[in-house]
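These notes concern the structure reproduced below.
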Amino acid sequence: MKTSKTIISEAFEQYAKALVNYVALRINDRDDAEDLVQDVFLRLLGCDVIAEATVKNLCYTIANNLIVDHIRRHCKREDVYSYYYDQIEQGHVVTPEQETSYHDLKNMESRIVMKLAPATARIYELSQHDGLSIQEISDQLGISRRTVECHQYQSRKFVREEMRKII
């Protein structure tokens, strides 16, 4: 008889790629999809009894629940940013509460970015706040595109993980 850890390990080898594709199609972000699939298997490790016959269904059920949670978190954050910008562009008066919420989120992000290595933080700022492309950052800083991509990936992942802990 196989142990739960063995079943989970075999399930990871068998279903991880398909789960990443499944999640990525629903949230349109491959990096987040990989994180969510990793969370699926971490949650499985917390289960006491897992049957080989039901592990695949359990993986997809957990993935669906994590997708819903991810979308809810993402929508909340994006709603605050987009609502604030929409109000400014349309000339509406922004309430002090709305402005405070926006600034709180921006301050949280700034504190998280300060934890990054200076080069990584600079690339994050150029990408996220200045809207520069990978090639533009590469040209401006005089480093390879691949280096920019690596720093950008690491910084986004770190900021995303830290924001998840807060929000």
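Taken together, the values in this text are just the output of simple stated rules run on the coordinates, not laboratory data. This structure is a prediction, so every number in the text was calculated from the model and none was measured. Reconstructed Cβ throughout: ideal geometry from the backbone, glycine too, with neighbour counts over all protein chains shown.
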inquiry  = For a quick check: sort 7, 71 by the number of other beta carbons within 10 angstrom, fewest at the front.
reply    = 71, 7
Gain on full stretching of the segment that runs from residue 25 to residue 150 - 0.36 nm per residue minus C-alpha separation = 42.7 nm
ask   = Given labels modelled 7 Å from the Cα in the Cβ direction, how far is it in nm from residue 13 to residue 64?
value = 2.8 nm
note = Taking r as the C-beta separation of residue 128 and residue 56 and R0 as 35 Å, the FRET efficiency to the nearest 0.05 is 0.40
request  = Pull up the cross-link candidates among the lysines for residue 2, meaning alpha carbon to alpha carbon under 18 Å and not fewer than 8 places away within one chain.
outcome  = 56
inquiry  = Using a Förster radius of 22 Å, what is the FRET efficiency between residue 119 and residue 163 based on their Cβ-Cβ separation? Nearest 0.05, please.
reply    = 0.55
message = Please report the spacing between the Cα centers of the stretch 1-52 and the stretch 121-155 in Å, no decimals.
response = 31 Å
query = Which of the lysines could a cross-linker span from residue 157 if the Cα-Cα distance has to be under 21 Å and same-chain partners fewer than 8 positions apart are dropped?
reply = 17, 76, 106, 115, 165
